[in-house]
Amino acid sequence: GVLTNDTNATIDVIIGVGGARTLNGKITNNGSLKIGYELSSTSSSFINNAVGTVSGLYNLTLTGTRFLNNGTIAPGPITGVLGISGDAKNSATANYNMQIGGLTPGTQHDQYNVTGADTLNGALNVSLINSYVPTLGDSFIVCNYGTRVGTFSSVTGNIPGGYSWNIFYRNNYAVIRA
């Protein structure tokens with residue numbers, strides 16, 4: 001089958017009885033997909049289009065496909081960790097919206113994790129929240145990956161005092177430093 005989430009529509013995966021949630025068939029997200037509980041997909045394709053947003057605090061487990069992101073990844077509703085168990089490919093139109101309100105991942109700043117191969121591309125957009133001002137030299141792991149291909153095409157977001165973010169790519173994670 002085919003599941004298309006239309007523009008201005010929301011699929012809200014929430015906690016309830018019955019365990020993890022599963023989506024099957026070809027999945028195309030043009031709206032908002034909120035992963036508020038463990039979600040599995042055994043689809044032949046899972047595409048987040050340029051107008052789509054995937055957000056949440058749980059994992060999306062992929063079997064037999066990879067996640068193709070042309071849109072926005074936004075962990076949390078405020079801050080949180082959003083995970084992809086499997087591979088992810090991000091296009092030049094992809095946006096990673098990361099909020100930073102302190103040094104602790106998940107509770108004070110966003111993080112995006114991919115267990116498999118992560119093809120990075122697109123913009124990393126950093127917003128400071130809760131009146132947080134990082135100290136020069138503070139570091140934040142914004143994504144973890146099994147392996148990486150590519151880099152973010154840009155890093156945006158201002159730091160008070162006129163400073164900017166520096167990004168470093170390590171074997172299994174990307175870190176930004178004030």
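Remarks
- Count - residues of the range 86-103 that are over 16 Å from ASN29 (Cβ atoms) and either surrounded by fewer than 20 Cβ atoms within 10 Å (Cβ to Cβ) or of a type in the set (A, V, I, L, M, F, W, C) (or both): 7
- Considering the range 1-41, the residues that are over 20 Å from GLY80 (Cα atoms) and aliphatic (A, V, I, L, M) include one that is surrounded by the most Cβ atoms within 10 Å (Cβ to Cβ), namely ILE27.
- The strands (runs of 3 or more DSSP E) found entirely in the range 48-92 that carry 3 or more residues being within 12 Å of the chain's Cα centre (by Cα) and not aromatic (Phe, Trp, Tyr) are 53-56, 72-75, 81-85, 88-90.
- Residues in the range 109-132 that are over 13 Å from the mean Cα position of the chain (by Cα) and either open to solvent by 30 Å² or more (accessible area, probe 1.4 Å) or of a type in the set (A, V, I, L, M) (or both): ALA117, SER127, LEU128, ILE129, ASN130, SER131, TYR132.
- Among the numbered conditions (1) under 14 Å from the mean Cα position of the chain (by Cα); (2) buried (at least 19 other Cβ atoms within 10 Å of the Cβ), the only one that GLY106 does not meet is (2).
- Qualifying residue in the range 44-59 (condition: modelled with pLDDT under 90 and open to solvent by 50 Å² or more (accessible area, probe 1.4 Å)): yes
The values are calculated or read from the model by the stated rules, or taken from the named source; none is laboratory data. These numbers were taken from a predicted model, which means no experiment stands behind them. Don't worry about glycine lacking a Cβ; one is built from the backbone with ideal geometry, like all the others, and counts go over all protein chains shown. Calculation scope for accessible area: heavy atoms of the full protein, side chains included, ligands and nucleic acids excluded. Shrake-Rupley method; radii C 1.70, N 1.55, O 1.52, S 1.80 Å.
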